[in-house]
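The values are calculated or read from the model by the stated rules, or taken from the named source; none is laboratory data. Because the structure is predicted, anything quoted here is derived from the model rather than measured. Here the Cβ positions follow ideal geometry from the backbone for every residue, glycine too, while neighbour counts run over all protein chains shown. Protein only, heavy atoms only, side chains kept; ligands, DNA and RNA dropped before computing areas. Shrake-Rupley method; radii C 1.70, N 1.55, O 1.52, S 1.80 Å.
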Amino acid sequence: MKITQIFQENKPLLSFEVFPPKPNYPIETIYRTLEELRDLAPDFISVTYGAAGGTRKRTVEIASRIKNEEKIEALAHLTCITHSQEEIDEISGRLRQEGIENILALRGDPPAEGAGQTDFTYARDLILHLRRSGEFCIGAAAYPEGRPDGTGMAAEIGHMQEKVAAGADFFITQLVFINEHIYDFLEQLAKKGITAPVFIGVMPVYNTRQIWRITELAGAEIPRELNSLLEKYVDSPADAEKVGIDFAVRQIADLLAHGVDGIHLYTMNRARQAREILRRLGMTVSSLPVADQ
Ligand code: FAD
């Protein structure tokens, strides 16, 4: 089923993101997580497309597992950097064969070394190409706090307009901790007539050093109060995780109260935090066990 169809029936949407295990780990290492995430009844699960070539093939395999074994709708990420049109057609053809109807179309980050042929310069160009095949429901990335590469907000919103014009059906945001930034952003999109649904990326903190690394790369701001607590628990991941869960519960409750289109949880391939957050929000059947992993 296409995500736009699910959205018509079931707003706000709840989705999870996973990433393929590194090539030296068996692909099966993610299967248990997928089963646990399935039990939380998300509207869809997305699978990232590896920057490292080694995990790229696994995206199709995992998306297929989500769709055909776990019977949850799958969203396959696809980046166009260092891909020829032929390669893109080959991957989208495999997705089609597996029954995957949803693609998150991205440019991707330029690789540190070596560059293959790139036929599509921007995500917009990839979206346009996929749209011509007419079969996929297409999502794109959005950046409510701007991009680390310094793209200004006016330019960013211009790029989003281009993505919609090219055929994007919905957006998923970069992880954000400060809801006011999201509300400002949504207001700006509305002013520019962008009406495509925007699913808000929320990442529960698992570990202080890890979240510092991730937010630096993503250009996401951590609220001062949250950061003080994370500093306090820099060497105590279990406490940092509790702080992260408390924060995510409050953040999501506020987002839902503001009527956002959907919540996209960056799970980091773990189900425990997602399960606990949803339980506390009353978004799961209370009988679901909150087991330790
Ligand atoms: P674009 O929107 O094409 O933007 C790329 C750059 O080009 C920006 O600097 C932008 O300002 C500029 N630009 C865009 N359009 C134009 C134009 N018309 N003229 C001039 N300049 C333009 N990366 C992965 O490798 N794999 C993933 O699975 C993945 N998943 C992601 C999921 C989400 C929800 C998000 C938010 C990001 C994800 N990324 C992923 C990261 C993403 O690939 C990078 O942020 C990448 O640098 C930009 O991708 P984009 O699709 O936003 O590119």
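Hull volume per residue, based on the alpha-carbon atoms of the range 40-161 and their convex hull, is 122 Å³. Farthest toward the dipole's positive end in the chain, which of GLY134, GLY259, GLN8, given Cβ charges of +1 (Lys, Arg) and -1 (Asp, Glu) about the Cα centre? The residue sitting farthest along the positive end of the dipole is GLN8.
Each residue of the range 8-25 was assigned a 3J(HN,Hα) from its phi angle through the Karplus expression (A = 6.51, B = -1.76, C = 1.60, θ = phi - 60°), giving 5, 9, 8, 8, x, 7, 10, 9, 10, 10, 10, 10, x, x, 4, x, 7, 9 Hz with x at Gly and Pro. Across the range 74-91, coupling constants 3J(HN,Hα) worked out from phi with the 6.51/-1.76/1.60 Karplus curve, θ = phi - 60°, read 10, 10, 8, 6, 8, 10, 9, 5, 6, 10, 7, 4, 4, 5, 4, 5, 5, 5 Hz, and Gly and Pro carry x. Across the chain, Cα-Cα pairs farther apart than 30 Å form 28% of the total. Binning the alpha carbon pair distances of the range 149-201 at 10 angstrom intervals from zero yields the distribution 23, 61, 16, expressed in whole percent. Available extension along the chain between THR118 and ARG147 is 8.3 nm, counting 0.36 nm per residue and deducting the alpha carbon span.
For LEU104, the residues 5 or more places off, or on other chains, whose built amide H falls under 5 Å of its own are ALA76, HIS77, LEU78, GLY139. Amide H contacts for SER46 (H built 1.01 Å from N in the peptide plane; partners 5 or more residues away or on another chain; cut-off under 5 Å): PHE16, GLU17, VAL18, LEU75.
Only lysine pairs 8 or more places apart, or on different chains, with alpha-carbon atoms under 24 angstrom apart are counted in the chain, and they number 17.
What does a probe at LYS22 reach in the range 107-147, counting residues whose amide N is under 17 Å from the point 7 Å along Cα→Cβ? Backbone N within reach: 112. Across the range 93-98, computed HN-Hα scalar couplings (Karplus, 6.51 cos²θ - 1.76 cosθ + 1.60, θ = phi - 60°) run x, 5, 4, 4, 4, 7 Hz from first to last residue, x flagging Gly and Pro. The value of relative contact order for the range 26-97, using C-alpha pairs under 8 Å at least six residues apart, is 32 percent.
Given a 1.4 Å probe and the protein chains as shown, THR118 ends up with an accessible area of around 60 Å². Working note: Cα gyration tensor of the range 115-183, eigenvalues times five, square-rooted, sorted largest first, giving semi-axes of 23, 15, 11 Å.
A simple spin-label model places pseudo-atoms 7 Å from Cα toward Cβ; at ALA257 and ARG209 they are separated by 3.6 nm. Close amide-amide hydrogen proximity is noted between VAL198 and PHE171, ASP261, each under 5 Å apart and 5 or more residues distant or on a separate chain (H modeled in the peptide plane; Pro and chain starts excluded). Extending 7 Å from the Cα toward the beta-carbon at both ASP39 and SER236 defines two label points whose distance is 2.9 nm. Rounded to the nearest 500, the 222 nm mean residue ellipticity of the chain from helices alone is -13500 deg cm²/dmol, with -39,500 (n - 2.57) taken per DSSP H run of at least 4 residues. Across the range 3-281, Cα pairs under 8 Å and at least six residues apart give a relative contact order of 19 percent.
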